[in-house]
Amino acid sequence: MIKLENVTVGYQGERLTHPISGSFAQGSLTAIMGANGAGKSTLLKTLCGLLPALSGQIEFSQPRKMALSWLPQQSDIDRSFPITVFDVVAMGCWPNTGILRSIKRNDVERIYAAMEQVGIANLANYTVSQLSGGQFQRMLFARLLVQDTAIMFMDEPFAGIDSQTQEALLSLICQLHQQGKTIVTVLHNPTIVEAYFPQTLLINQQCVHWGETKQVLASCSLYDSPMKMALNFG
Ligand SMILES: Nc1ncnc2c1ncn2[C@@H]1O[C@H](COP(=O)(O)OP(=O)(O)OP(=O)(O)O)[C@@H](O)[C@H]1O
């Protein structure tokens, strides 16, 4: 479980969000929603420990370092770095092996199994600059599968990908949820959120809604206009 008590996030002391209190239960599947610039990515980075909270407390029921993995926004990643798909997916082993130790045969099998599961085993020797957006996103999911942590944070995993890849990745998220993972995903599309995500955390500077997705979306007065809602939570 991850418990938040009056947590605010932001930069240089300037808070982006209303204080957030509540918890991500073990095994829950939650969407974080809010307008552009509302602080969703900042909240995710704060939960991961990459940024300090401006105020409040975040408590993990297990040591955070080994328990979580993070799928960053594609725009946060330098795709010109000369590294192969295999090597990126192999980074999922680092929490267990350390950066400098070589991976074992068993790890290589896990890496190939993960690439197979997301349909990119044939791209193992490609460099990341040679991948399409959807292939790149599948690669990041393969790394998450290798990391195999109890908690998974994902930042806009479907941004800029085709509907077939989106379906494949949504089905993977559902499988991971069924395996008991705690999954927190930043998303913009209310139709996907309503169909697949039982819990929603809606944030902006003035208020926070957190609970069952239907109730959270219904509490938003713009619920009848998904597009308006995605762009302008108020
Ligand atoms: N490193 C940084 N230093 C200062 N301000 C930042 C930094 N990173 C982001 N911001 C600002 O913080 C605000 C929130 O950014 P964030 O990326 O968390 O929003 P978001 O809700 O994820 O938005 P989007 O839906 O557009 O991805 C934005 O106004 C952004 O300009």
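Each value in this text was obtained by applying a stated rule to the coordinates, not by laboratory testing. Computed from a prediction, not measured in an experiment: that's the story for all the values here. Cβ atoms come from the backbone with ideal geometry, glycine included; neighbour counts cover every protein chain shown.
Dipole of region 31-133 computed with +1 at Lys/Arg Cβ and -1 at Asp/Glu Cβ about the Cα centre; of Gly34, Gln57, Val128, farthest Cα towards the positive end is Gln57. Centroid-to-centroid, using Cα positions, region 18-44 and region 159-211 are 11 Å apart. Between the amide H of Gly119 and any residue lying 5 or more places away or on another chain, no distance stays under 5 Å, with hydrogens modeled in the peptide plane. Taking a ≥ b ≥ c as the square roots of the eigenvalues of the Cα gyration tensor, region 1-132 is classed as prolate, since a/c reaches at least 1.5 and a/b is larger than b/c.
Relative contact order (percent) for the chain, with alpha-carbon contacts under 8 angstrom and 6 or more residues of separation?
Values: 411 pairs, mean separation 67.5, N = 234.
Computed over the chain, the figure is 29 percent.
Taking every DSSP bridge with both residues inside the chain, close to 50 percent are antiparallel.
Kindly identify the chain as rounded, prolate or oblate by the Cα gyration tensor criterion: order the square roots of the eigenvalues as a ≥ b ≥ c, call it rounded if a/c is under 1.5, otherwise compare a/b with b/c, prolate if a/b is larger, else oblate. Let's see the in-between values first.
On the way: a/c = 1.85, a/b = 1.51, b/c = 1.23.
The shape class here is prolate.
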